[in-house]
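Colleague: Sharing a structure here in structure tokens format.
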């Protein structure tokens with residue numbers, strides 16, 4: 001309990017920072033996830049310098065955290081800063097049905113919808129060349145080999161591929177599993193995936209349209225869940241990983257494949273990337289926050305200038321460990 005208490009000076013500074021109309025609204029919005037200055041400007045209808053000044057005051061008081069990715073700056077509610085406890089307390093006291101906050105959330109939904117529409121337009125335009133675009137970054141054969149190697153020795157009866165795209169991951173494992181399910185939001189991508197799986201004779205695999213944040217799937221349903229080159233498109237990656245963890249069976253594995261941090265800014269506009277890669281500790285923290293135990297981390301360095309490094313994170317649902325006891329050592333080859 002004492003770890004969450006604030007000194008008089010910090011508490012006073014925090015209350016001063018939060019005790020203003022716009023700044024309190026900003027805290028409410030950031031309870032919904034990470035947002036950029038331009039997004040907050042669109043939502044609140046205020047100038048960018050004004051919003052930036054308010055955010056600066058909140059950050060100095062430790063109520064929000066700021067981080068930069070290339071030319072974009074993101075803000076989120078404090079989680080590690082001393083003011084995190086005060087931020088949590090203030091958000092818990094807010095009535096989100098209040099007309100002011102409700103209208104802000106409506107505008108937030110509009111901003112997110114526009115961003116999702118932009119991503120979907122890109123997917124539609126590039127559905128049939130998606131595999132080719134991936135090959136521009138890191139050789140896909142190298143990534144697929146690393147995926148198979150990191151899961152070597154893991155018994156996979158049921159596999160879930162989130163953001164399945166062309167269905168290639170399902171095709172890769174089809175001969176080793178009893179059942180495979182691919183989820184994607186884009187109907188165009190699903191059409192491509194269905195054609196590819198049919199051509200490969202992968203009759204034990206199906207694809208369906210779905211929301212990665214709210215899977216229409218039961219808890220404890222899959223031995224392995226793979227999230228391959230998806231997180232960098234998402235508004236709320238930690239939430240997606242928590243939902244992925246929900247459908248893992250006890251002892252199941254969650255594998256994340258995505259880019260290491262980079263500065264290829266054009267990927268935001270041209271390919272709808274929300275994030276420019278992830279640091280190892282960032283994804284490991286999200287996996288731990290989803291109740292999983294990080295097991296392995298691999299990096300595939302680029303073979304030529306201008307290409308991207310691919311990272312792989314493997315985590316395990318720890319619930320089975322209580323029953324396995326000493327037998328947990330049998331999977332150390334992937335740890």
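Colleague: How high is the relative contact order of the chain, in percent, with contacts defined as C-alpha pairs under 8 Å that are six or more residues apart? Let's see the in-between values first.
Modeller: Details: 552 pairs, mean separation 43.5, N = 335.
Here the relative contact order equals 13 percent.
Colleague: Which order results if 79, 87 are arranged by neighbouring Cβ count within 10 Å, fewest first?
Modeller: 79, 87
Colleague: Extending each Cα 7 Å along its Cβ direction at residue 307 and residue 270, get the distance between those two points in nm, one decimal.
Modeller: Between residue 307 and residue 270, the simple spin-label model gives 1.7 nm.
Colleague: So for each of 160-168, 88-96, 147-155, 311-319 I average, over its residues, the number of other beta carbons within 10 Å; can you give me the resulting order with the highest mean first? Don't skip to the end; give the middle numbers.
Modeller: Details: 160-168: 25.4, 88-96: 12.7, 147-155: 15.2, 311-319: 21.4.
Ranked by mean Cβ neighbours within 10 Å, highest first: 160-168, 311-319, 147-155, 88-96.
Colleague: Given R₀ = 35 Å, FRET efficiency for residue 157-residue 117 by Cβ-Cβ distance, to 0.05?
Modeller: Efficiency, from the Cβ-Cβ distance: 0.40.
Colleague: Can I ask one more? With each run of n ≥ 4 DSSP H residues scored as -39500 (n - 2.57), what mean residue ellipticity at 222 nm is computed for the chain after dividing by its residue count and rounding to the nearest 500 deg cm²/dmol? Mind showing how you got there, number by number?
Modeller: On the way: 14 runs with 147 residues, N = 335.
Taken over the chain, the calculation gives -13000 deg cm²/dmol.
Colleague: Taking Cα atoms, how many degrees apart are the long axis of helix 84-93 and the longest axis of the chain, rounded to 10 and kept between 0 and 90?
Modeller: With rounding to tens, the tilt is 80 degrees.
Colleague: In degrees between 0 and 90, to the nearest 10, how far off the longest principal axis of the chain does helix 280-289 point, with axes built from Cα atoms?
Modeller: Between the helix axis and the principal axis of the chain, the angle is about 90 degrees.
Colleague: Separate question: So, in Å, what gap is there between the alpha-carbon centers of region 245-299 and region 40-89?
Modeller: Here the two parts' Cα centres lie 23 Å apart.
Colleague: Something else now. Figure the gain on full extension for residue 211 and residue 178 (residue separation times 0.36 nm, minus the Cα-Cα span) and round it to one decimal in nm. Numbers along the way, then the final one.
Modeller: Details: separation 33, 0.36 × 33 = 11.88 nm, distance 2.37 nm.
Net length gain for the segment: 9.5 nm.
Colleague: Here's a follow-up. Can you give me the distance in nm between label points at residue 188 and residue 299, each placed 7 Å from the Cα along the Cα-to-Cβ direction?
Modeller: 3.5
Colleague: Describe numerically, in nm with one decimal, the distance between label points set 7 Å from Cα along Cα→Cβ at residue 89 and at residue 203.
Modeller: Spacing of the two 7 Å Cα→Cβ label points: 6.4 nm.
Colleague: To the nearest 10 degrees, how steeply does helix 48-60 sit against the main Cα axis of the chain, on a 0 to 90 scale?
Modeller: Approximately 90 degrees, to the nearest ten.
Colleague: Now for a different question. Would you list the P(r) distribution for region 2-94, with all Cα-Cα distances sorted into 10 Å bins from 0 and each bin expressed as a whole %?
Modeller: Result, from short to long distances: 17, 54, 25, 4 percent.
Colleague: For a quick protection proxy, order the peptides 12-20, 236-244 by their average other-Cβ count within 10 Å, most packed first.
Modeller: Going by the mean number of other Cβ atoms within 10 Å, highest first, we get 236-244, 12-20.
Colleague: Most mobile of 177, 169, 212 per a Gaussian network model of the chain (Cα springs, under 10 Å)?
Modeller: 177
Colleague: Residues of region 50-94 with amide nitrogen under 16 Å from the 7 Å Cα-to-Cβ point of residue 9?
Modeller: Only 60-62, 82-83 fall inside the zone, counting backbone N under 16 Å.
FYI, it's all coordinate maths here, none of it is from the lab. What you see is a predicted model, and the numbers here were worked out from it, not measured in a lab. Ideal geometry is used to build each Cβ from the backbone, glycine not excepted, and the neighbour counts take in all protein chains shown.
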